[in-house]
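The values are calculated or read from the model by the stated rules, or taken from the named source; none is laboratory data. Just so it is clear, the structure is predicted and the values come from calculations on it, not from any experiment. Note that we place each Cβ from the backbone using ideal geometry, even for glycine, and neighbour counts take in every protein chain shown. Surface areas here come from the heavy atoms of the whole protein model, side chains and all, with no ligands, DNA or RNA. Shrake-Rupley method; radii C 1.70, N 1.55, O 1.52, S 1.80 Å.
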Amino acid sequence: MNSIELYIPKLGVYSGRKLENEKLNLILDELSVYEFASTIHAPYFAPDPNYPGSLQVDTACMGKREFSLMDGSIALANRIGAGVVVLHPGRIGQDREKAFSSMVENLKVLASTAEDQGVMLGLENKEGTDPYNLCCKAEELARAVEAVNSGSLKATFDIGHANLTCGGDPEKLLSFVETLKEHIVHLHVHDNGGQWTETYDGDEHMAPGNGCVDFSVLNLLSGYKGVYNFEVFSMEDVLQGKKTLENILKL
């Protein structure tokens with residue numbers, strides 16, 4: 001492995017809303033032994049009962065608590081030299097455009113903070129199998145990035161989420177990448193069947209090669225030099241995914 005993503009909500013470094021620096025420092029000390037490139041996944045909204053309720057963040061509806069949590073992730077990225085802080089887009093309420101506009105204004109604030117600290121934010125495309133997610137489609141994600149209009153906020157392209165949004169159709173996935181590619185600074189890589197299921201709305205995070213994602217579309221990102229984060233559940237899946245990408249992309 002050459003990189004690792006610190007998944008803030010599941011690191012166990014928060015007690016309620018309070019960051020326990022001693023626990024965080026133990027993790028960072030352990031990581032310092034290795035020469036990993038690093039990224040950070042900031043807190044987000046999740047209806048999962050196993051997700052810490054105190055760390056819920058909907059970027060379309062943020063107050064002081066939510067900004068404080070996100071600022072903490074940005075500050076950590078600055079501290080360890082992380083390449084990208086991943087953010088989830090907001091949730092759709094009763095008015096989609098109102099939620100989108102609110103999200104953009106909140107992202108502008110976060111992008112300003114990130115710029116001050118020399119940090120890049122990556123707004124991630126979410127899976128279209130959940131009808132309450134903003135920025136599932138490439139066009140809406142690109143629109144959000146362009147509306148924020150900051151050199152410190154670009155896109156984290158999650159190919160598994162995109163495959164679900166595209167219903168497993170490789171031609172639609174190709175078009176998705178074409179639309180978004182100029183904004184992409186970071187990749188999340190995993191596989192699925194391209195359809196809704198009772199397990200994670202189809203977002204199964206399988207090893208690349210075990211589902212129907214056409215990873216050859218990543219060849220469109222010919223100038224991409226960033227991190228490929230495998231979002232899978234075992235080291236065996238990481239090794240399989242790495243081999244799959246090496247064979248397809250000639251890495």
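Overview of values
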item	result
Search result, residues across the range 95-119 that are under 10 Å from ALA144 (Cα atoms) and touching a strand residue (DSSP E or B) at 6+ places or on another chain (Cβ under 8 Å)	LEU107
Within the range 17-41, considering residues that are under 16 Å from ASP71 (Cα atoms) and not polar (S, T, N, Q), the one surrounded by the fewest Cβ atoms within 10 Å (Cβ to Cβ)	LYS18
Only one of GLU5, GLU35 that is assigned to a strand (DSSP E or B) and either in contact with a Ser or Thr (Cβ under 6 Å, 6 or more places away or on another chain) or farther than 30 Å from ALA60 by Cβ (or both)	GLU5
Looking only at the range 41-68, and only at residues there that are among the aliphatic types (A, V, I, L, M) and part of a loop (DSSP other than H, G, I, E, B), the one that is nearest to VAL109 (Cα to Cα)	MET62
Among (1) touching a residue at least 60 places away in the same chain (Cβ under 8 Å); (2) buried (at least 21 other Cβ atoms within 10 Å of the Cβ) - the single one GLN195 does not satisfy	(2)
Checking MET70 against (1) in contact with a strand residue (DSSP E or B) (Cβ under 7 Å, 6 or more places away or on another chain); (2) surrounded by 21 or more Cβ atoms within 10 Å (Cβ to Cβ), the condition it does not meet	(1)
Some residue of the range 126-140 being open to solvent by less than 20 Å² (accessible area, probe 1.4 Å), in a helix (DSSP H, G or I) and modelled with pLDDT of 95 or more	yes
Unmet requirement for THR179, which otherwise passes all of (1) farther than 22 Å from HIS88 by Cβ; (2) in contact (Cβ under 8 Å) with a residue 40 or more places away in the chain; (3) not small (Gly, Ala, Ser); (4) not in a loop (DSSP other than H, G, I, E, B)	(1)
Residue satisfying condition, being part of a helix (DSSP H, G or I) and more than 20 Å from SER3 (Cα to Cα), within set ASN210, ASN219	ASN219
Count of residues meeting criterion [buried (at least 19 other Cβ atoms within 10 Å of the Cβ) and either out of contact with any Lys or Arg (no Cβ under 9 Å at 6 or more places or on another chain) or in contact (Cβ under 8 Å) with a residue 60 or more places away in the chain (or both)] in the range 42-65	5
